[in-house]
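Report on one structure; see the data block that follows.
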Amino acid sequence: QFFVFCHGLLQLSQLLVSGYLKSSISTIERRYGLSSQTSGLLASFNEVGNTLLIVFISYFGSRVHRPRFIGCGAILVSLAGFLMSLPHFITGPYEYDQSVASMFSNTTDLCQPGVPGSRGNLSDAGCTPYAARENHEVLLVMFIAQALLGIGGVPIQPFGISYIDDFASERNSPLYLGILFSVTVIGPGVAFMLGSAMLRFYVDIDKVAGDDVQLTNKDPRWVGAWWLGFLVAASLVAISAVPYFFFPREMPKEVGERDFPVVLLRNLRHPVFLLVVLAQVNLSAMVAGLATFMGKFLERQFSLTASLANMIIGAVNIPGAMVGIVVGGAILKRFQMSLRQCSAMCVLGMFLCLLVAFPLLFLGCPTQKVAGVIYSESSEFEHYALECNLQCNCPEKAYNPICGSNNIEYISPCSAGCRVVNIDADNSVLNYTHCSCISENGFAGFAKPGTCGTGCSHLFLPFVVLSCLAGILASVSHTPSFMLILRSIQPEDKSFAVGIQFMLLRVLAWMPGPVLYGSAIDTTCILWEKKCDRKAACRYYNNNLFRQR
């Protein structure tokens with residue numbers, strides 16, 4: 001029971017490292033100018049290191065000192081966590097376009113007639129070869145860290161599961177595994193809560209005095225302290241690795257030697273095993289994609305801050321899934337279900353989940369009106385200059401959204417033709433006035449800093465309730481589907497079968513899932529940020545397409 005406790009703790013902190021990346025993905029995209037396809041690849045890259053090794057490791061599972069192996073893996077995971085935060089310390093401070101001249105730059109993004117069009121703005125300054133190299137280094141470090149994270153995670157799950165299943169009684173084993181699996185689901189929940197807490201701090205909290213930060217966390221240019229969470233999570237993993245070096249090997253020797261290829265084929269030819277695993281693959285691919293981009297979706301669809309979106313996922317969606325898993329396990333134990341009843345329960349859960357999730361296709365709003373980013377019928381998007389700001393010589397790449405009094409959003413004060421900025425006592429922007437593009441009753445209008453938002457808040461609650469319900473129903477089938485696998489194969493193949501199962505899940509679901517989702521999301525982008533003439537992060541999405549795809 002102490003081993004189950006320790007293993008729960010380790011899995012929790014391991015998932016904290018991998019789950020935390022998913023919670024800060026939209027922030028890292030914005031900070032380093034990544035497309036969703038790239039960030040999806042980054043999020044799933046830990047599966048690469050994992051897949052290469054998992055089958056062999058679980059095959060040798062019965063021959064090695066399992067607890068010690070788990071401990072070594074955990075130390076690698078902790079290293080990976082510290083590596084993930086490294087880019088923050090090797091790159092300069094975060095730069096963004098500003099309306100108020102500051103110690104960083106004296107250029108502003110107001111409308112200044114008579115200033116020649118070549119006026120310097122921040123986005124172009126970062127185009128030196130050094131800046132481009134810095135960006136490659138950041139990606140390289142993160143991809144290496146993710147690969148290490150995967151390699152370190154290899155022994156943790158299969159060895160832990162088989163160690164427990166070998167020693168627990170037949171009757172208690174489902175209970176212990178149920179406890180472990182529910183922890184596996186709390187992990188990402190805690191990770192999203194951690195993300196929610198950390199992203200409230202400004203990214204350069206360690207490099208810049210608080211007074212110099214002119215952004216609030218509601219600003220679309222805001223970047224939170226994404227690196228802090230990795231330091232916290234990595235330290236936790238390091239601590240929970242310690243007890244493993246003191247557990248005994250204490251294994252009754254398994255009967256008979258066996259052959260790697262024979263066992264592999266024996267399991268792959270098993271129809272129940274194969275069908276259940278393929279079903280789990282389909283479900284997991286969806287979960288992997290959703291987990292990575294659900295926060296981003298909520299931010300865009302309902303105009304939430306990154307911090308609040310993480311809070312909702314961590315406090316509502318993931319606990320919902322946990323409830324489902326526990327309920328599924330409890331029903332199994334209570335009714336001692338046969339394998340046929342297990343599969344019926346899985347089918348029912350999935351069917352109800354589909355019914356509940358169907359309305360989610362329609363719960364959302366179109367993108368707010370953005371001047372100069374028009375939506376033309378052929379679904380091609382074009383960016384045109386408004387007549388009213390021609391004399392302003394706006395820098396092409398400025399991004400500092402403001403919301404006009406006419407409820408249309410403008411990409412920057414300059415593109416709205418605003419000439420005056422009003423600042424309140426603590427150096428933050430109150431509003432912009434004398435804006436030639438915003439006309440009200442024939443007079444030049446004014447604008448507030450920040451985006452107009454999608455005006456979708458009334459649909460937010462129904463969306464959260466339905467998605468949570470769908471999650472509960474889908475995860476009821478989690479434990480019964482595992483029991484279908486564990487009880488339908490030969491007992492001595494257990495450790496190996498779980499290894500094959502996790503490998504298939506990784507190769508067919510967890511690796512491609514986030515990349516496919518990211519690519520689909522990229523196809524709905526209306527306006528890309530440009531960095532050194534390459535596409536960087538997306539500024540605006542077509543929200544309806546984003547939701548449907």
All but one of (1) crowded, with 21+ Cβ neighbours inside 10 Å; (2) within 30 Å of Lys218 (Cα to Cα) hold for Val277; which doesn't?
(2)
Within segment 198-214, of all residues that are without any contact (Cβ under 8 Å) to a residue 40 or more places away in the chain and open to solvent by less than 40 Å² (accessible area, probe 1.4 Å), the one farthest from Leu236 (Cα to Cα) is Val213
I'd like to check something: does segment 118-126 contain any residue that is out of contact with any Lys or Arg (no Cβ under 9 Å at 6 or more places or on another chain) and either at pLDDT 90 or above or not in a loop (DSSP other than H, G, I, E, B) (or both)?
yes
Do we find a residue being within 30 Å of Gly372 (Cβ to Cβ) and among the β-branched types (Val, Ile, Thr) anywhere in segment 493-514?
no
Can you name every residue in segment 148-179 that is out of contact with any Phe, Trp or Tyr (no Cβ under 6 Å at 6 or more places or on another chain) and closer than 17 Å to Ser18 by Cα?
Leu148, Leu149, Gly150, Ile151, Gly152, Gly153, Val154, Ile156, Gln157
Scanning segment 410-419 for residues that are of a type in the set (A, V, I, L, M, F, W, C) and touching a Phe, Trp or Tyr at 6+ places or on another chain (Cβ under 7 Å), which turns out most open to solvent (accessible area, probe 1.4 Å)?
Ile411
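Can you name every residue in segment 20-48 that is farther than 22 Å from Tyr94 by Cβ and either at pLDDT below 90 or buried (at least 24 other Cβ atoms within 10 Å of the Cβ) (or both)?
Gly40, Ser44, Asn46, Glu47, Val48
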Scan segment 215-237 for residues that are open to solvent by less than 20 Å² (accessible area, probe 1.4 Å) and of a type in the set (Val, Ile, Thr) and jot them down.
Val223, Val237
Subset of segment 540-549 (residues that are out of contact with any helix residue (DSSP H, G or I) (no Cβ under 9 Å at 6 or more places or on another chain) and in a helix (DSSP H, G or I))
Asn544, Leu545
Among the candidates Leu278, Leu332, Leu304, Leu274, single out the residue that is hydrophobic (A, V, I, L, M, F, W, C), assigned to a helix (DSSP H, G or I), out of contact with any Lys or Arg (no Cβ under 9 Å at 6 or more places or on another chain) and within 23 Å of Gly40 (Cα to Cα).
Leu278
Residues being touching a Lys or Arg at 6+ places or on another chain (Cβ under 9 Å) and in a helix (DSSP H, G or I) - total across segment 1-38:
5
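Do we have Pro491 as of a type outside the set (A, V, I, L, M, F, W, C) and either modelled with pLDDT of 85 or more or not assigned by the TED database to the domain that holds Cys346 (or both) here?
So Pro491 fails the test.
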Go through the residues of segment 293-301 one by one and say whether even a single one is more than 17 Å from the chain's Cα centre (by Cα) and buried (at least 23 other Cβ atoms within 10 Å of the Cβ).
no
Take the residues of segment 427-478 that are under 24 Å from the mean Cα position of the chain (by Cα) and open to solvent by 70 Å² or more (accessible area, probe 1.4 Å): which is nearest to Gln280 (Cα to Cα)?
Leu469
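The values are calculated or read from the model by the stated rules, or taken from the named source; none is laboratory data. As the structure is a computational prediction, the values presented were derived from the model and not from experiment. Positions of Cβ are backbone-derived with ideal geometry, glycine not excepted, and every protein chain shown enters the neighbour counts. The area values use the complete protein model at the heavy-atom level, side chains included, leaving out ligands, DNA and RNA. Shrake-Rupley method; radii C 1.70, N 1.55, O 1.52, S 1.80 Å.
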